[in-house]
C-alpha cells in the first residue's frame, strides 16, 4: 500500500532526477523552496521544458493559471502529487 508521504517522496525523487537530467541542475540546488527564476536562474525556455515534463508525467496539459502559479520546485511536486504522475496508465 502506498501512502501520500511515500508517493510524494517518489514524485520528489522523479522531479529531482528530471531537473538534473533535462535542465542540468545540481542536486543541492533542487529543494522544494527553490524558486525557478530567482534561485535557479531558469529562463522562459527552461520553464516551457519543465511544463512539458509535467504534462508528460501527468498525461494531461497544464492550464495557464496553474503554470503561472508554479514558482518553486515544491509547487511542481504538489501539482504532480495532486494530479498523479501517469504511472500505471
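Observations on the model:
- Note on region 4-83: Kirkwood hydrodynamic radius from all Cα pairs is 12.5 Å, rounded to one decimal.
- Point-to-point label distance, residue 75-residue 21, nm (Cα→Cβ direction, 7 Å offset): 2.4 nm
- Nitroxide proxy distance, nm - points 7 Å out along Cα→Cβ at residue 33 and residue 56: 3.1 nm
- Two-site FRET efficiency, residue 44 against residue 10, from Cβ-Cβ distance with R₀ of 25 Å, rounded to 0.05: 0.30
Where a number appears in this text, it was derived from the coordinates with a stated rule and is not lab data. All values derive from a computational prediction rather than experimental measurement. Quick reminder, even Gly has a Cβ in these numbers, built from the backbone with ideal geometry, and neighbours come from all protein chains shown.
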